[in-house]
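Heads up: the structure comes next, in C-alpha cells.
The values are calculated or read from the model by the stated rules, or taken from the named source; none is laboratory data. Here the structure is a predicted model, which is why all the values come from computation and not from measurement. Heads up, the Cβs are rebuilt from the backbone with ideal geometry, glycines too, and the neighbour counts pull from every protein chain shown. Surface areas here come from the heavy atoms of the whole protein model, side chains and all, with no ligands, DNA or RNA. Shrake-Rupley method; radii C 1.70, N 1.55, O 1.52, S 1.80 Å.
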Amino acid sequence: MPHDEKDYRESFHILDFLESQGKTLTILTNDFRVSLLPAKFRNKAIGFAITEVSKLNLPTHKLTERLQEKLFDVVIDLNREENLFYSYIANVVKSKIRIGFKKRKADTYYNFLVDGSDINSAKSYNNFLNCIKMF
C-alpha cells in the first residue's frame, strides 16, 4: 500500500477490482494503517511496525525473512513517489512479475511500469487500474 496518506485511500478501488477478479490478496502496510483498510481487507494485511524499518529505510532482517516465506505470482507497488523501503520489498519477495509506477530508477526494481506522474492521485490510480485491466 502507498506510504502517502491521500494515495493510500485512493488506491482502495484497485484492491476492490483485484478481489472482484477472484485474486488472492496479501496487503503490506504499516501496522497502524491496517485498521484504515476497508473491513473486508483487514484479515489479508501484513502489518509491519516502525521498528521493522532500518535507519537506511530498508526492511529489517526479521521482516525480510517473514516476507520471503511467502510466494507471490505478482507484486504491485502502489507508491507513486520513490520509496526505497517498498521498492526493496518488491524485489526481496519471490515473484516473477513486479509492477510499479514510473519513478527514478524504477526500471531497476520493476518489470512492468505504469505512468503515475499526474498531480491528481485519483487519476493516476484510475490509469493504473485501466492498465492492469488489460491483463
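Is segment 1-50 best put as rounded, prolate or oblate by its Cα gyration tensor, with a ≥ b ≥ c the root eigenvalues, rounded for a/c under 1.5, and otherwise prolate when a/b is larger than b/c, oblate when not?
Details: a/c = 2.09, a/b = 1.38, b/c = 1.51.
The shape class here is oblate.
Using square roots of five times the C-alpha gyration tensor eigenvalues, list the equivalent-ellipsoid semi-axes of the chain in whole Å, biggest first.
Details: eigenvalues 87, 61, 48 Å².
One finds semi-axes of 21, 17, 15 Å for the chain.
Grab the Cα-Cα distance for Glu65 and Asn130, subtract it from 0.36 nm times how many residues apart they are, and report the gain in nm with one decimal. Walk me through the intermediate numbers first.
On the way: separation 65, 0.36 × 65 = 23.40 nm, distance 3.33 nm.
Contour length minus the Cα-Cα distance gives 20.1 nm.
In the neighborhood of Lys103, defined by Cβ-to-Cβ distances under 14 Å, what is the net charge if each Lys or Arg adds +1 and each Asp or Glu adds -1? Intermediate values should be presented prior to the final figure.
On the way: positive: Arg80, Arg98, Lys102, Arg104, Lys105; negative: Asp4, Asp7, Asp77, Glu81, Glu82, Asp107, Asp115, Asp118.
Local charge sum for Lys103: -3.
Just to be sure I understand: of the beta bridges DSSP finds with both ends in the chain, what percent are antiparallel, rounded to 5?
Details: 1 of 12 bridges.
Of those bridges, close to 10 percent are antiparallel.
Which order do the peptides 13-19, 65-71 come out in when sorted by mean C-beta neighbours inside 10 angstrom, highest first?
My ranking of the peptides, most packed first, is 13-19, 65-71.
Taking a ≥ b ≥ c as the square roots of the Cα gyration tensor eigenvalues, with a/c under 1.5 meaning rounded and otherwise prolate when a/b beats b/c, else oblate, which class fits segment 9-82? Mind showing how you got there, number by number?
On the way: a/c = 1.76, a/b = 1.52, b/c = 1.16.
Note, shape of segment 9-82 comes out prolate.
Considering only Ser20, Ser54, Ser121, give the residue with the highest GNM mean-square fluctuation for the chain, with springs between Cα atoms whenever their separation is below 10 Å.
Between Ser20, Ser54, Ser121, it is Ser20 that shows the largest mean-square fluctuation.
Counting only protein heavy atoms and a 1.4 Å probe, tell me what percentage of the chain's accessible area is made up of carbon and sulfur.
53 percent
Counting each DSSP H run of 4 or more residues in the chain as -39500 (n - 2.57), what helix-only mean residue ellipticity at 222 nm follows after dividing by all residues, to the nearest 500 deg cm²/dmol?
Value at 222 nm, helices only: -10000 deg cm²/dmol.
For the chain, what is the accessible area per residue in Å² when the probe is 1.4 Å?
Numbers: 7900 Å² over 135 residues.
Accessible area per residue, the chain: 59 Å².
Mind counting lysine pairs for me in segment 32-75? Cα separation below 24 Å, and the two need to be 8 or more apart along the chain or on different chains. Before the final figure, lay out the partial values.
On the way: Lys40/Lys70; Lys44/Lys62; Lys44/Lys70; Lys62/Lys70.
For segment 32-75, qualifying lysine pairs total 4.
Taking the Cβ of Asp7 as the centre, find all other residues whose Cβ is under 10 Å away and add up their charges (Lys, Arg: +1; Asp, Glu: -1). All intermediate terms of the calculation are to be shown ahead of the outcome.
On the way: positive: Lys6, Arg9, Arg80; negative: Asp4, Glu5, Glu10, Glu81.
Surrounding charge for Asp7 is -1.
Springs between alpha-carbon atoms under 10 Å, Gaussian network over the chain: tell me which of Thr29, Thr108, Thr64 tops the mean-square fluctuations.
Thr108
Suppose a student asked you for the relative contact order of segment 5-134, using Cα pairs under 8 Å spaced at least 6 residues apart; what percent would you report? Spell out each step's value before the answer.
Numbers: 164 pairs, mean separation 24.4, N = 130.
Computed over segment 5-134, the figure is 19 percent.
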